[in-house]
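Worksheet: the structure to be examined is printed underneath.
Any read-out appearing in this document is the output of simple, stated calculations on the displayed coordinates, not a laboratory observation. Note that the structure is predicted; figures quoted are calculated from it, not measured. With ideal geometry, Cβ positions are generated from the backbone for all residues, glycine too; neighbour counts draw on all protein chains shown.
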């Protein structure tokens, strides 16, 4: 097990935009479980209006961590009160494509 993280110090360094923090995070990542990290990253992606290809890689990472499709959709539902319905609607089609679904339900046969 690595060195215990001092969260007060880490938060202070974030607030100060410490130049060495990014390198430290690569060596000492968050202590969250990998599934939780994947869900948090998806929530952040929705919040910032991420690009479609990024949804694909983040969804793939989440699924590889054992996150279910239902949990991924629940992330969208959970952040909607924070980001607003227009942002959630914009993210929904990107999430659907990343999950392999046609967001409009159009049969292309």
Open item on the list: If I ask for residues that are in a helix (DSSP H, G or I), surrounded by fewer than 17 Cβ atoms within 10 Å (Cβ to Cβ) and in contact with a helix residue (DSSP H, G or I) (Cβ under 8 Å, 6 or more places away or on another chain), which ones from the range 93-104 would you list?
Closed with: 97
TODO: Any chance you could count how many residues in the range 15-52 are surrounded by 11 or more Cβ atoms within 10 Å (Cβ to Cβ) and part of a helix (DSSP H, G or I)?
DONE: 19
